[in-house]
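A.B. asks: Sharing a structure below in structure tokens format, with a few things to ask.
Each value in this text was obtained by applying a stated rule to the coordinates, not by laboratory testing. Predicted model, so just to flag it, every value in this text is computed and none were measured. Glycine gets a Cβ as well: all are built from the backbone with ideal geometry, and neighbour counts include every protein chain shown.
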Amino acid sequence: MTQNNYRVFISGGLGVGKTALAHRFTKNLFLCDRASEIDGSDEKQIVIEGETCNLDVLDTAVYQEFSAMRYSCIISAEGFLVLYSIDSRKSFDEVSGYCEYLRDLKESDGIPIVIVGNKSDLENDRKVSQCEGIELAESLNCSFIETSAKNNLNVEQAFSGLARIINKSRSDNLNYNLDNTFSNNNHKRSRCEIL
């Protein structure tokens with residue numbers, strides 16, 4: 001994978017809007033019908049810190065029944081959006097498990113993950129407060145944002161924010177030995193970032 005390509009994987013429970021978010025980001029269209037799913041992978045060019053980058057977006061909904069393909073996609077991804085729907089307590093309660101699963105497969109606690117509270121257009125049906133989402137992200141050492149694929153709210157920010165985190169992770173990996181050699185600061189700092 002070249003330096004300007006970012007492969008991201010969208011994960012989360014059933015009905016949280018994974019495909020709708022991916023389609024809104026890559027095509028700027030809202031899918032109101034699950035039958036209109038994308039083929040599982042789509043790309044979009046974005047500008048990150050002055051450079052044009054390709055985001056390869058992998059939608060887990062398409063690979064739900066094909067565990068070998070899903071595994072391969074997760075292993076090849078550099079960053080993850082883990083979605084829940086703000087109108088579903090059950091989907092929120094599943095987020096920790098998805099993050100743990102991804103970290104186990106990637107064999108790293110430091111993978112870039114953004115927790116996404118989707119369907120923010122359903123404010124009147126909200127079951128999960130934004131504060132709960134932020135607290136969960138902080139406890140899991142992830143970033144956080146709320147989005148609405150329907151209203152195109154914060155969709156671009158979720159993906160570009162994840163790409164920035166991946167970019168920083170790449171840079172941190174290059175400088176890992178130097179940082180460990182000269183760092184006198186041994187306390188762990190929260191990486192939670194509100195996008």
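A.B. asks: For segment 102-116, enumerate the residues that are surrounded by 14 or more Cβ atoms within 10 Å (Cβ to Cβ) and within 14 Å of the chain's Cα centre (by Cα). Talk me through it step by step, then tell me what you get.
C.D. replies: Kept after step one, since they are surrounded by 14 or more Cβ atoms within 10 Å (Cβ to Cβ), are these residues of segment 102-116: 102-103, 105-106, 111-116.
Scanning segment 102-116 gives LEU102, ARG103, ILE111, PRO112, ILE113, VAL114, ILE115, VAL116.
A.B. asks: For segment 161-172, what are the residues that are surrounded by fewer than 19 Cβ atoms within 10 Å (Cβ to Cβ) and within 11 Å of ILE145 (Cβ to Cβ)?
C.D. replies: Residues satisfying the conditions do not exist here.
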